[in-house]
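Some notes on the structure that comes next.
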Amino acid sequence: MTRELLPTATPARTRAAVLQAVRPHRRTAVAGFGLLIVATSVGLLIQPLLGHIVDLVAGREQAAALAVPAALLVLVGLVQGALTAWGLTLVARLGETALADLRERFVERVLALPLDRAERAGSGDLTSRVTGDVARVAEAVRSALPALARSLLSIVLTLGALALLDWRFLVAALLAVPVQVHTARWYVRNAVPLYAGQRVATGEQQQQLLDTIAGASTVRAFRAESEHLERVADRSRAAVELTMRGVRLMLRFYSRLHVAEYAGLAAVLAVGVLLVRDGSATIGTATAAALYFHNLFGPINTALALLDDAQAATASLARVVGVADAAPADPAPADPAPAIRQQEGGGVSVRGLAHAYEPGDPVLHGVDLDIRPGERVALVGASGAGKTTLAKLVAGVHEPTAGTVETPPGVAMVTQEVHVFAGPLADDLRLARPDATDDELRAALATVDALAWAEELPDGLATVVGEGGHRLTGAQRQQLALARLVLADPAVAVLDEATAEAGSVGARLLERAVERAVDGRTALIVAHRLTQAAAADSVVVMEDGRVVERGPHADLRAAGGRYAAHWSAWTDHRQDT
């Protein structure tokens, strides 16, 4: 399957997503930024007060004359600190709330993402977006947003204060702006593609690590450790090289900013000397102007340095928002797609079904299949025969390339890979039916022979399972999935090798659990063990994406065809082991 990365949102799409997240919290935004404006304005009184003190000292005034400006300095500091803390708290609340909304929408879209689309992208691409990209955006919201807001306000208001002292101070200060603007444009021009490439390289590195770790047993079996280690090293080198390019870019960025700072400060001091010399300004005024410009170093450097975080966060945000472009924004329509239809009754009807994961490479060819209401059908065939693909199409996981699938409302699928969600066991079961009572949970567990071990857990149904909790065995995880199936109570149950991960003893236990879970339902079972086929009402044998035999177990054995050969090989293997 050709890998096709999930889309990355355009800058316009990313900005729209940010505005959409912030719009419901406009009042908090106005209040937070309003308080920061007032706090910054109050803080600008510090430089004139210090300049006034300089004038008092230069005029050899008595020490008592310094008491009032000194007291005002303390008062300004206290008021500015309180207002700044209040404003930053509101801005932080705005950012966290908007981020929470963005996270919720992101998770919603990920869950709506078509499975085949996620498979084409690879788990590494989606994983890096869920973890690294979301974490980077979160960090930017928590630290960069408040700092950037405060810095920009300080810059604008400080330049205004310089103009109030004397317009020539403002002109001198603005001499640094061309260098700073050129530096910022140069940085953004180089940083945007660099950070976008870095996120892609990180995703590819993560994908290679996941592939190597997941297939470790196969890698060892074929003595391919060196080849896979080299692939991991290549992906890692690419990611590291891009990271180091980012470091070198930042060093050049800061060196250019320092040139702008000292050029501007020299200009302001020169203007101050000229104005004091001709009597247009006092020493205190010139001092206040120099302090104003010096105090711009911090906000300007912070704002420009945050371009680094902003570019990285923007690249990550674009990848997060891009997931929405690959998933439906609205709930599924009431009428299913033409290829997947609902019908009355509890049966399944498949007509002319074909499917290809890659264009021109079909894995199913014109499959016709009818399953009567309440009938249990086993799918049998060699690996690659198309059994799992057919099962997923019936379950609605994939949409067929051609043909139709008609099922009653309510189809549930259980695969051999069962995820146990972190949390109490009862909550994990209630994923299938949120309003289920504890008694109903116990009844579902009893149906699949799991109640005994569930009640023996340290805290019974309240025991935390999943990551960081009590570890369940493979057979227990499958029983948990079957108990969810019982709680969901679908009309049609599709099971894809649901007993494959268990040993011989566990397989017999799970086979009984499967029989009880699907009792009274229409069931399509991809049979890993032919004992499941023997117990089914009908057996369907597949080969090269086609149905080649169908009938009861006994009839197919007697016919001496492909199923009989499968059964003979399987029973001989069991006797040998």
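The values are calculated or read from the model by the stated rules, or taken from the named source; none is laboratory data. Here the structure is a predicted model, which is why all the values come from computation and not from measurement. Here the Cβ positions follow ideal geometry from the backbone for every residue, glycine too, while neighbour counts run over all protein chains shown. These accessible areas exclude ligands, DNA and RNA; they are computed on the full protein's heavy atoms, side chains included. Shrake-Rupley method; radii C 1.70, N 1.55, O 1.52, S 1.80 Å.
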Looking across segment 358-372 at residues that are farther than 13 Å from R546 by Cα and either part of a strand (DSSP E or B) or touching a residue at least 40 places away in the same chain (Cβ under 8 Å) (or both), the single one that is least open to solvent (accessible area, probe 1.4 Å) is I371
State whether the residues of segment 434-445 include one that is touching an Asp or Glu at 6+ places or on another chain (Cβ under 6 Å) and open to solvent by 70 Å² or more (accessible area, probe 1.4 Å). no
Scan segment 423-433 for residues that are of a type in the set (A, V, I, L, M, F, W, C) and open to solvent by 80 Å² or more (accessible area, probe 1.4 Å) and report the count. 1
Within the bounds of segment 176-185, is there any residue that is of a type in the set (V, I, T), within 19 Å of L306 (Cα to Cα) and buried (at least 20 other Cβ atoms within 10 Å of the Cβ)? yes
Of all the residues that make up segment 309-336, how many are open to solvent by less than 50 Å² (accessible area, probe 1.4 Å) and either part of a helix (DSSP H, G or I) or at pLDDT 75 or above (or both)? 14
Pairs only if they're at least six apart or on different chains, beta carbon under 9 angstrom, first in segment 12-36 and without any contact (Cβ under 8 Å) to a residue 40 or more places away in the chain, second assigned to a helix (DSSP H, G or I) and surrounded by 12 or more Cβ atoms within 10 Å (Cβ to Cβ); list them, first residue then second. A16/V321; Q20/D101; Q20/L102; Q20/R105
Residue selected from segment 373-383 under the condition in contact (Cβ under 8 Å) with a residue 12 or more places away in the chain, assigned to a loop (DSSP other than H, G, I, E, B) and not acidic (D, E), by the criterion nearest to V526 (Cα to Cα): G381
Expected single match for surrounded by 14 or more Cβ atoms within 10 Å (Cβ to Cβ), touching a helix residue (DSSP H, G or I) at 6+ places or on another chain (Cβ under 8 Å) and not in a helix (DSSP H, G or I) among A17, A39, A21, A9 is A9
Got at least one residue in segment 475-493 being open to solvent by 40 Å² or more (accessible area, probe 1.4 Å), modelled with pLDDT of 90 or more, over 30 Å from A356 (Cβ atoms) and among the small types (G, A, S)? yes
Is it true that some residue in segment 273-296 is under 48 Å from the mean Cα position of the chain (by Cα) and more than 29 Å from G59 (Cα to Cα)? no
For segment 343-357, enumerate the residues that are under 18 Å from A523 (Cβ atoms) and either open to solvent by less than 30 Å² (accessible area, probe 1.4 Å) or part of a strand (DSSP E or B) (or both). G346, G347, V348, S349, V350
Applying the selection to segment 405-422, what residues are surrounded by 18 or more Cβ atoms within 10 Å (Cβ to Cβ) and within 29 Å of the chain's Cα centre (by Cα)? V411, A412, M413, V414, T415, Q416, V418, V420
Cβ-Cβ under 8 Å pairs, at least 6 apart or on other chains, segment 63-78 side under 15 Å from Q47 (Cβ atoms), far side open to solvent by 80 Å² or more (accessible area, probe 1.4 Å): P69/H52; L72/L45; V76/L45
Residue, modelled with the lowest pLDDT, within segment 197-208, restricted to residues that are crowded, with 19+ Cβ neighbours inside 10 Å and of a type in the set (G, A, S): G203
Just to be sure before I move on: is A339 farther than 30 Å from P11 by Cβ, at pLDDT below 85 and among the hydrophobic types (A, V, I, L, M, F, W, C) in the structure I sent? yes
With V247, V240, V232 as the choices, which residue is open to solvent by 80 Å² or more (accessible area, probe 1.4 Å), at pLDDT 80 or above, under 29 Å from the mean Cα position of the chain (by Cα) and farther than 23 Å from I155 by Cα? V240
Restricted to segment 447-468, and to residues that are over 20 Å from P434 (Cβ atoms) and not aliphatic (A, V, I, L, M), which residue is least open to solvent (accessible area, probe 1.4 Å)? W453
Quick one: in segment 156-175, of everything that is among the β-branched types (V, I, T) and surrounded by fewer than 17 Cβ atoms within 10 Å (Cβ to Cβ), which residue is farthest from V276 (Cα to Cα)? V156
Of the residues T97, T131, which single one is open to solvent by 20 Å² or more (accessible area, probe 1.4 Å), within 30 Å of G32 (Cα to Cα), hydroxyl-bearing (S, T, Y) and under 15 Å from the mean Cα position of the chain (by Cα)? T131
G124 vs. criteria modelled with pLDDT of 85 or more and of a type outside the set (D, E, K, R): no
